[in-house]
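Q: One structure is given below, represented as structure tokens, and several questions about it will come after.
Please treat every number below as a calculation from the coordinates, not as lab data. Note that the structure is a prediction, hence the values are computed from the model and not measured. Ideal geometry is used to build each Cβ from the backbone, glycine not excepted, and the neighbour counts take in all protein chains shown.
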Amino acid sequence: MATINATVTIGSDIISGVNISNTMTMTKAGTNNGLDGTTGLNVKTVQTETAFKLFDHSEGDPAKRASKVYIRNTGSSATDFFYIGFGEDLAAATIETIGRLYGSDWMLIPWDAVAATTHDIYAKASTAESAMTLEFIAFTE
Amino acid sequence: MATTTATVGITSADLTPGMALGISATTTLNKTGLTDGLEIMDMGYGTLTIADSHKALHEALGTVDTSNYVYLANESTNAEHYIEVVLHDTVIGRLYAGDWMFTPWNQSDSVAEWSIQAYGGACAYTYAIFKSSYVLPDSTQGTLNP
């Protein structure tokens, strides 16, 4: 059993006093035991607008559904981004798309790694004119 | 122009023997394709009971294909209580007691709303949504002063 802690801090002056701070310890489903599996930290650089897979559903256990994934666009561009979502059909108006990671953006979400390819997580760069890099890691049961 | 920053730190001394894990990152939440900060946000607190069906945390009422970000936390302390998080009809995952998530949200489809449901027991939750745009829903009172 491992101990993995993740802390988020969000500060904003949109509204006075917005200051979110929260720490979670990643645990196995329904227990206080820590997650102890991981894909390891991966880095992938692409210069194509073809979608590519970050996480395969087989990396999680469909019976143990407390996995987490972290993804970050290591770039600094305010205009170039990665679409992140489920499956390869990532674009402006597809329901599989979760969101866009612009330069320096990151995300940390739970991952319901059910036994289906519909829960494979993909990324797709917005441009092929320059190389773009993602770093990503999954924490699994 | 507002400034919103989101920072994450992930650490583990024992996940991989002999190699401590340390990840940290900070981003500034900007409007779509710009370096201007987002200026619209919702923030709140609520409680889901297991009698509830899926509840819409936020409807996709902004402009499609834009920069938006969602923070959501399960404030329960019971390890068996979790919140199922759904985007449109896709189950993203489960937030167990104490878990949080932070993600971009593309509003890639007009029905790409976030839904949440408690399982195992009631779950208090906190959330914050940072948005590029938002369309107020029509008033049920219609036109009051024509």
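Q: Per residue, what volume in Å³ does the Cα convex hull of the protein assembly as shown take up? Don't skip to the end; give the middle numbers.
A: Details: hull volume 38.8 nm³, N = 287.
It comes to 135 Å³ per residue, whole-number rounded.
Q: Take the cross-link list B:Lys31/B:Lys131; A:Lys28/A:Lys68; A:Lys53/B:Lys131 and give me the ones stretching past 19 Å between alpha-carbons.
A: Pairs exceeding the cut-off: A:Lys53/B:Lys131.
Q: Taking amide hydrogens as modeled 1.01 Å from N in the peptide plane, which residues meet the under 5 Å criterion relative to A:Ala29, leaving out close sequence neighbours?
A: Amide H neighbours of A:Ala29: A:Arg65, A:Ala66.
Q: Sticking with this structure for a sec: What is the average number of partner chain Cβ atoms found within 10 Å of a Cβ in B:20-33?
A: Per-residue shielding by partner chains comes out at 5.
Q: By the scheme Lys and Arg +1, Asp and Glu -1, what is the net charge of all other residues having a beta-carbon under 11 Å from that of B:Phe130?
A: Numbers: positive: B:Lys31, B:Lys131; negative: B:Glu39, B:Asp42.
Its environment carries a net charge of 0.
Q: Give me the net charge for the shell around B:Met1: Cβ to Cβ below 14 angstrom, other residues only, Lys and Arg +1, Asp and Glu -1.
A: Values: positive: B:Lys31; negative: A:Asp13, B:Asp36, B:Glu39.
Net charge around B:Met1: -2.
Q: Also: Note down the Stokes-Einstein diffusion coefficient of the range A:1-129 in µm²/s, whole number, using a Kirkwood radius over alpha carbon pairs, 4 °C, and 1.567 mPa s.
A: 80 µm²/s
Q: For the range B:36-52, just list the computed ³J(HN,Hα) in residue order, Karplus coefficients 6.51, -1.76 and 1.60, θ = phi - 60°, integers in Hz, with x standing in for Gly and Pro.
A: 8, x, 4, 10, 10, 8, 10, 8, x, 9, x, 9, 9, 9, 6, 6, 6
Q: Please build a GNM for chain A, connecting alpha carbons under 10 Å apart, and tell me which residue among A:Ala128, A:Ala113, A:Ala93 fluctuates the most.
A: Evaluated over chain A, the most mobile residue of the options is A:Ala93.
Q: Karplus couplings for the range B:105-116 from phi (6.51 cos²θ - 1.76 cosθ + 1.60, θ = phi - 60°), rounded to Hz, Gly and Pro as x?
A: The phi angles translate into 9, 7, 6, 6, 8, 5, 10, 7, 7, 8, 10, 9 Hz.
Q: A further question follows. In sequence order, what are the phi-derived ³J(HN,Hα) couplings for the range B:73-78 according to the Karplus relation 6.51 cos²θ - 1.76 cosθ + 1.60 with θ = phi - 60°, rounded to whole Hz, with x for glycine and proline?
A: Each residue's phi maps through the Karplus curve to give 9, 8, 8, 4, 10, 8 Hz.
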